[in-house]
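Visitor: The structure follows.
The values are calculated or read from the model by the stated rules, or taken from the named source; none is laboratory data. Keep in mind it's a predicted model, so treat the numbers as computed, not measured. No Cβ is skipped: glycine too gets one built from the backbone with ideal geometry, and neighbour counts run over all protein chains shown. These accessible areas exclude ligands, DNA and RNA; they are computed on the full protein's heavy atoms, side chains included. Shrake-Rupley method; radii C 1.70, N 1.55, O 1.52, S 1.80 Å.
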Amino acid sequence: MALLPDPRTLLDAALAAHRAGDLDAAAKGYRAVLERVPDQTDALHLLGLVRLTEGASAEAEELIRRALKRSRGVAEIWNSLGNALAAQDKNKEAAKAFREALVLNPRLVGALVNLGRLANASGNAAEAEKLWRKALVEDPNCADAWTNLGVFLYWQSRWGESVEVL
């Protein structure tokens, strides 16, 4: 009888496939881990990210919420929940999730950028600009923050600043 790989080996292989862009293999691997360890936090979270990428935001939300039940203190998982909620236009809930991520890690660039997008979409231009600029302090190479800020400045008719940013 052949021995089955342990869950950590399966998770590592799934993560490698995910990083390589092979979402089908990644999802299959994460599901294999969850068959053995149904509440494995990383597999739940990462399968949620795959499903979000594939456009299944409601399923992604459910998987990420399950991961949060196991590990509420991980800022990145809260940020992922915010993304799943925002993809379903649950913007108030998404903003709460991004804020929770920032309570846990005030320097989490993804949450700063994402919360900035929601602030801008809700008409809070000053808050959006502040969040994107803070993201750039934390990571001066964050393309998402530069792009969001540059386009924002353009639409604010601050063309000189926009050109400098973009």
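Visitor: Alpha carbons only, please: Rg and Dmax for the range 90-166, in angstrom.
Guide: 12.0, 36
Visitor: Sticking with this one: Starting from 0.36 nm per residue, how many nanometres of slack lie between residue 93 and residue 76 once their C-alpha separation is accounted for? Please list the in-between numbers first.
Guide: Working: separation 17, 0.36 × 17 = 6.12 nm, distance 1.59 nm.
Value of the extension gain: 4.5 nm.
Visitor: So if I average 1/r over every pair of distinct C-alpha atoms in the range 46-123 and take the inverse, what Kirkwood radius in Å does that give?
Guide: Numbers: mean 1/r = 0.0832 Å⁻¹.
Mean inverse Cα-Cα distance, inverted, gives 12.0 Å.
Visitor: For the range 8-60, what does the relative contact order come out to in percent, with C-alpha contacts under 8 Å and a separation of six or more?
Guide: Values: 51 pairs, mean separation 14.5, N = 53.
Computed over the range 8-60, the figure is 27 percent.
Visitor: Using alpha carbons only, how many degrees (0 to 90, rounded to 10) separate the axis of helix 143-155 from the longest principal axis of the chain?
Guide: 30
Visitor: Can I get the semi-axes of the range 123-166's equivalent ellipsoid? Compute them from the C-alpha gyration tensor as square roots of 5 times the eigenvalues, in angstrom, largest first. Numbers along the way, then the final one.
Guide: Details: eigenvalues 50, 33, 10 Å².
Ellipsoid semi-axes (Å, largest first): 16, 13, 7.
Visitor: Report, to the nearest 10°, how far helix 91-104 tilts away from the longest principal axis of the Cα atoms in the chain, using its own Cα long axis and a range of 0 to 90°.
Guide: The two axes meet at around 80 degrees.
Visitor: Modelling each spin label as a point 7 Å along the Cα-to-Cβ direction, I'd like the residue 62/residue 37 distance in nm, to one decimal.
Guide: About 2.3 nm, to one decimal.
Visitor: Rounded to the nearest 0.05, what FRET efficiency do residue 130 and residue 157 give with R0 = 22 Å and r taken as the Cβ-Cβ distance? Could you check? Write down the numbers at each step before the final one.
Guide: Values: r = 19 Å, r/R0 = 0.85.
Here the calculated transfer efficiency is 0.75.
Visitor: If you don't mind, there's one more thing I want to ask. Along its principal axes, what span do the Cα atoms of the range 1-73 show, with the longest given first and each in whole Å?
Guide: Computed over the Cα atoms, the extents are 39, 26, 19 Å.
Visitor: Let me ask something else about it. Within the range 1-83, report the trypsin sites (Lys or Arg not before Pro) that DSSP leaves as loop and that have at most 14 other Cβ atoms within 10 Å.
Guide: Values: sites: 8, 19, 28, 31, 36, 51, 65, 66, 69, 70, 72; in loops: 72.
Hits after loop and neighbour filter: 72.
Visitor: Run the count for the chain, please: Lys pairs, Cα-Cα under 21 angstrom, 8 or more apart or on different chains. Kindly include the intermediate steps, with their values, before the conclusion.
Guide: Details: 69/90; 69/92; 69/96; 92/130; 96/130; 96/134.
Lysine pairs meeting both conditions in the chain amount to 6.
Visitor: Right, here's the next one. When only Cα pairs under 8 Å and 6 or more residues apart are kept, what is the percent relative contact order across the chain? Write down the numbers at each step before the final one.
Guide: Details: 217 pairs, mean separation 17.8, N = 166.
Relative contact order of the chain: 11 percent.
Visitor: Using a 1.4 angstrom probe and counting only protein chains, how large is the accessible area of residue 154 in Å², to 10?
Guide: Here the residue's solvent-accessible area equals roughly 110 Å².
Visitor: What is the distance, in nm, between label points placed 7 Å from the Cα along the Cα-to-Cβ direction at residue 137 and at residue 22?
Guide: Inter-label distance under the simple model: 4.3 nm.
Visitor: If one puts a single equal scatterer on every Cα of the range 35-166 and applies the Debye formula without solvent, what log₁₀ I(q)/I(0) results at q = 0.09, 0.13, 0.22, 0.23 Å⁻¹?
Guide: Scattering profile of the range 35-166, log10 relative to I(0): -0.28, -0.55, -1.21, -1.27.
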